[in-house]
Amino acid sequence: MIIDFHTHTFPDALAPRAVAGMAAAADMMNYSDGTASGLLASMARSGIDAAVLAPVVTKPRQTEDINRAAAAVNAAFQGRGLISLAGIHPDTESPEKVLKSLAAQGFFGIKLHPLFQGVPIDDERNVRIVEYAASLDMIVLIHAGADPNYPGLDYASPRRLLALLERVPHRKIILAHMAGFDNWDEAAALWGAPCYIDTAVAMGPWRRRNGQPSPAAPMDSAGFVRAVRAHGAERVLFGSDSPWSDQGEALSAVRASGLTGGELSAVLGGNGAKLLGWEG
Ligand SMILES: [Zn+2]
């Protein structure tokens, strides 16, 4: 079973505008149209069995709408094929109440994006959310490292992420992008921490809309394998960040990296299936 633990979709009516807007703002190419059916077509082409959707709430008042759409995806797919996390904004009123309701609705977890949400990950507002999500045993997927939309902003820097992990040692935290997109040297301080990391756009960073590579330096295969082993292959999850990278290309890069067969089956699906409670 191959699970892509880091993808994004938008409701059909919003997808064209949302994807075009984000592609233009950061000058990144999109590899699917950002709809659920576009993602399913990409999964079928790439041989991916299931994808985890990670909605980002950029304004507190969007919380309800975004989570209603996420719940509709989960209802439509019944925990197979597409599984959506929920979104929550650090400025959401009564975050404990919102989180409790999300857990009661059956959501496996939440996504936080400190740069898009404008709140550093080690800020009290985020610490409070992660602490409460941990008490509910929810997955917390966190954008880690730089983001081409916010050059120079350190809200999800490895240093701040370390500070969060010291405050809230929750083993279901997932640090995206190998714990620090485009900050690989600093991210190394997090490899081995008692949490998960995902592989999204680490080796195959997004391209500019004209097809040129982005200026962010990708990890090479040897560096990727070193990072996976430093962290522990049993806590690394395959992710693509679709539509911002090609799922098939991301999968091929991990397969060709030099990991052993056992490490590959763990990273590409085994770890994700256990985390979702599907097996073992
Ligand atoms: Zn992402």
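Viscosity 1.567 mPa s, temperature 4 °C: Stokes-Einstein D of the stretch 1-127 from its Kirkwood Cα radius, in µm² per second?
Translational diffusion coefficient: 85 µm²/s.
Excluding Tyr155 itself, calculate the net charge of residues whose Cβ lies under 13 Å from the Cβ of Tyr155, where each Lys or Arg counts +1 and each Asp or Glu counts -1.
The answer is -1.
What do you get for Rg/Rh of the stretch 85-146 when both radii come from the Cα atoms and Rh is the Kirkwood radius?
Value, to two decimals: 0.93.
Quick one: what does P(r) look like for the chain with 5 Å bins over all Cα pairs, in whole %?
1, 6, 14, 19, 21, 19, 14, 6, 1, 0
Only Cα pairs under 8 Å and at least 6 apart count here; give the relative contact order of the stretch 3-275 as a rounded whole percent.
Relative CO of the stretch 3-275 lands at 21 percent.
Aspartates and glutamates near Lys100 by alpha-carbon distance under 12 Å, same-chain residues fewer than 8 away left out - which ones?
Reachable aspartates and glutamates: Asp137.
Over the stretch 127-280, what is the relative contact order in percent, taking alpha-carbon pairs closer than 8 angstrom and at least six residues apart?
18 percent
Which three lengths, in whole Å and largest first, does the stretch 62-171 cover when its Cα atoms are put on their principal axes?
39, 30, 25
Starting from the Cα-Cα distance between Ala13 and Asp65, subtract it from 0.36 nm times their residue separation and give me the gain in nm to one decimal.
Between Ala13 and Asp65, full extension yields 17.4 nm more.
Just how far, in whole angstrom, is the stretch 126-158 from the stretch 43-76 if you go by their alpha carbon centroids?
18 Å
Which of Pro213, Met1, Pro243 sits closest to the plus end of the dipole of the chain, meaning its Cα is farthest towards the positive end, when Lys and Arg get +1 and Asp and Glu get -1 on the C-beta?
Met1
Read-outs: derived from the displayed coordinates by stated rules, not from any lab. Because the structure is a prediction, the values reported are computed rather than measured. Glycine also receives a Cβ, built like all others from the backbone with ideal geometry; neighbour counts cover every protein chain displayed.
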